[in-house]
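Have a look at the structure below, then the notes.
We did not get these values from a lab; they are worked out from the coordinates using the rules stated. The structure displayed is predicted, hence computed values, not measured ones. Because the Cβ atoms are built from the backbone with ideal geometry, glycine has one as well, and the counts that use them run over all protein chains shown.
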Amino acid sequence: MSDLRVRVPATSANLGPGFDAFAVALPLLAEFDVKPARAWSVTVEGNGGDVPIGEDNLFIVGAMAAAKTLGQTIGPLHVTQRSAIPLGRGLGSSAAAIVGGIVAANALAGEPLGRRALLRIAADVEGHADNVAAALYGAFTITLPSADGPIAARFAFPSAWRACLFVPTSQLTTKEARAALPKDVPRADAVFNLAHASAFVAAVLRADGAMLSLAMHDRLHQAARLRLVPALDEIVSAARGGGAFGAALSGAGPAVIAFAPARLASRVTATMEEAATVAGTPGRGRVVRIRAAGAQVVRNQ
Ligand code: HSE
C-alpha cells in the first residue's frame with residue numbers, strides 16, 4: 001500500500017440565504033499524511049486544539065465510513081494531521097477531516113467511488129451536506145437533497161471578488177448553533193430565502209456585485225443565532241459600510257464572511273475587526289480568494 005497525502009480546503013457554508021445548501025471552498029488547507037502502521041494512531045501538528053487522536057478522530061471516522069460502504073477493511077494507519085483551518089469557527093474544520101478520511105480510504109482502495117458517492121458518505125457522517133460538498137468539489141457549491149442522497153452542483157466564483165473573513169477568538173460548536181434554530185419557519189421567511197438564494201446564484205453566475213448586495217440576506221437561521229453571536233449585525237453592517245457587497249455568518253458561526261471587490265477587501269476586513277472589537281468580540285480579519293480545487297490526493301511522498 002502506498003503512502004499518500006490528502007489536502008482538503010476550509011469551507012464557508014450558508015453565505016446568507018443558502019442555509020444548508022450553499023458553500024464556498026477557501027484556501028486554508030488541512031493536510032493529512034497517511035502511512036500503514038501496526039495500530040491506528042493520529043499525530044496532530046500545529047493548530048490541534050482538542051482534536052481527538054483516537055478512533056473518534058473525524059478523519060478516521062470518515063475513513064471507516066468509506067471502508068464500510070466499500071465493504072472492505074482499512075488500516076491500521078498512522079495519520080499525521082496539519083491544519084490551517086481554525087477550529088470551532090464555522091470554517092469547516094470537521095468537514096475537512098471527514099472528507100480527508102473518506103478521500104484517503106477511497107484512494108487506498110484504488111478510487112472505486114465517484115465524487116457523488118463520497119459526498120453521500122461525508123454528508124451522512126457530518127449530518128448536513130453543504131460544507132462537505134465544497135470541501136470535495138471546490139469553488140461554489142449548491143447541494144440538493146434527493147431521495148438518493150445529496151447531489152452537488154459546482155460553479156466557478158467570480159475571480160474579481162474576494163472573501164473577507166472575520167475569525168473571532170471565541171469558538172462555537174455547530175451542535176449548539178443548530179440547537180438554537182426553530183423547527184419550523186413561517187412561509188413568508190421560506191419565500192424570502194427562496195428569492196434571495198436564487199438571486200445569490202444569479203449574482204455569482206453574472207459576477208454582479210449589485211445583485212449580490214440585494215441577495216445576501218437571510219431569515220432562516222441568522223436571527224436565531226444572534227444570541228450566540230451577538231455582534232453579528234454590527235460586523236455585517238461594518239462590512240457593507242467598508243465596501244463589501246454583503247456579509248453573513250460563516251456556516252454556523254461565529255466567523256463572518258463578506259464578499260467584496262478586490263480593491264476594497266483590506267478595508268472591509270479592517271472595518272469588520274474594528275466593529276467586532278467595539279462590540280467586545282475581538283478577532284482577526286483575513287482576505288482570501290475562493291479556492292477552485294476541492295480535496296486532492298498526492299501519492300508517494
Ligand atoms: N449549514 C450548517 C449550519 C453549516 O448552518 O448549521 C454548519 O457549518
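Sort 275-284, 228-237, 107-116 for me by packing, meaning the mean count of neighbouring Cβ atoms within 10 Å per residue, highest on top.
228-237, 275-284, 107-116
For helix 58-70, report the angle its Cα long axis makes with the longest principal axis of the Cα atoms of the chain; keep it between 0 and 90° and round to the nearest 10°.
With both axes taken from Cα atoms, the answer is about 60 degrees.
Where does helix 115-126 land angle-wise versus the long Cα axis of the chain, in degrees 0 to 90, nearest 10?
80
Step through the residues of the range 258-267 one at a time and calculate ³J(HN,Hα) from phi using the Karplus curve (6.51 cos²θ - 1.76 cosθ + 1.60, θ = phi - 60°), rounding each to whole Hz and writing x for Gly and Pro.
These are the phi-based 3J(HN,Hα) values: 10, 10, 8, x, 3, 5, 9, 4, 5, 5 Hz.
Going by alpha carbons, how many degrees (0 to 90, nearest 10) lie between the helix axis of 187-206 and the longest principal axis of the chain?
80
Run a plain Debye calculation on the chain (Cα atoms as equal point scatterers, no solvent) and give log10 I(q)/I(0) at q = 0.07, 0.14 Å⁻¹, rounded to two decimals, same order as the q list.
Evaluating at q = 0.07, 0.14 Å⁻¹ gives log10 I(q)/I(0) of -0.25, -0.98.
Once every DSSP H run of n ≥ 4 in the chain is given -39500 (n - 2.57) and the sum is divided by its residues, what mean residue ellipticity at 222 nm do you get, rounded to the nearest 500 deg cm²/dmol?
-11000 deg cm²/dmol
What ranking do 136-146, 246-256 get when scored by the average of other Cβ atoms within 10 Å per residue, highest first?
Averaged packing, sorted descending, gives the order 246-256, 136-146.
Taking the Cα atoms of the range 161-288, report the difference between the largest and smallest coordinate on each principal axis, in whole Å and largest first.
Extents along the principal axes: 39, 36, 19 Å.
Where in the range 1-93 are there GluC sites (Glu not before Pro) that are in a DSSP coil and have at most 15 other Cβ atoms within 10 angstrom of their Cβ?
Of the GluC sites (Glu not before Pro), the ones in loops of the range 1-93 whose Cβ has at most 15 other Cβ atoms within 10 Å are GLU55.
Just want to confirm a number: the relative contact order over the chain, from Cα pairs under 8 angstrom separated by 6+ residues, in percent.
Worked out over the chain, it gives 26 percent.
Over the range 161-288, what is the relative contact order in percent, taking alpha-carbon pairs closer than 8 angstrom and at least six residues apart?
39
Under a 5 Å amide H to amide H cut-off, with H placed in plane at 1.01 Å, what residues pair with ARG162 once short-range neighbours are removed?
ALA260, ALA262
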